[in-house]
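The values are calculated or read from the model by the stated rules, or taken from the named source; none is laboratory data. Please read all numbers here as calculations on a predicted model, not as lab measurements. Cβ atoms come from the backbone with ideal geometry, glycine included; neighbour counts cover every protein chain shown.
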Amino acid sequence: MLARIINETTDAVVAAVQGVDDVLDAVTGTVKDQVVNVIQTGGDVGGSTIEAVSSVADGAIKGAGKVGASLTDTAFNTMSGVVKGVSQVGGDVIEAVRGGAEGVVRATAETGGDVGGAAVSAVSGAIKAAGDVGADTSQAAKAAVGGAISAATAVGGDTAGTVRNALLSAASLPREVRFI
């Protein structure tokens, strides 16, 4: 079932961005709609919300990769869509942030993209989007970092070190994130 979510989101992102001027807004809207749909039909998912949201984020990154969009820019907007979608249905924003970051890093690694850059963008996107919906940005940052590191560790190889180093050295992230 989670593979179906990934494939549906990949196809939805590809369809949404073809022929539009603002690819990143299209990604945000598509991810938001996919998250809302997945959560509202939660009985069909067969897993937790975090796994479902992770699958949506995974599919968004893969879809963006298929159309040649920047994966780091897409990571930021994917997290925005995740937070907006979960917030719309009254779900747990912090849990969703963790799942979104996991999906972003996992898919970026699978597509051969810049996992460090994608992780930093995912955390930045989570912080911004959480603030936009009135969620605790500090908790969102911790959840995003945790999700990114968890996925990087699962990918294996040097991925965890790459993600950790990128997060620690990113000047764009709040200081407290760099010391998590």
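For the reader, a short list of remarks on this structure follows.
- Residue count for segment 33-53 satisfying the condition of being farther than 16 Å from D92 by Cβ and at pLDDT 80 or above: 4.
- Hey, L173 surrounded by 15 or more Cβ atoms within 10 Å (Cβ to Cβ), among the hydrophobic types (A, V, I, L, M, F, W, C) and not in a helix (DSSP H, G or I) or not: yes
- Verdict on E51 being in contact with a Gly (Cβ under 8 Å, 6 or more places away or on another chain), surrounded by fewer than 24 Cβ atoms within 10 Å (Cβ to Cβ), under 25 Å from A160 (Cα atoms) and of a type in the set (D, E, K, R): yes
- Unique residue being under 15 Å from the mean Cα position of the chain (by Cα), in contact (Cβ under 8 Å) with a residue 40 or more places away in the chain and crowded, with 24+ Cβ neighbours inside 10 Å when the list is A109, A126: A126
- Yes/no for E102 being closer than 20 Å to E51 by Cβ, part of a helix (DSSP H, G or I), at pLDDT below 95 and not aliphatic (A, V, I, L, M): no
- Within segment 105-127, being assigned to a loop (DSSP other than H, G, I, E, B) and among the charged types (D, E, K, R) holds for one residue alone: D114.
- Condition broken by N165, with the remaining ones in (1) surrounded by fewer than 23 Cβ atoms within 10 Å (Cβ to Cβ); (2) at pLDDT 95 or above; (3) part of a helix (DSSP H, G or I) satisfied: (2)
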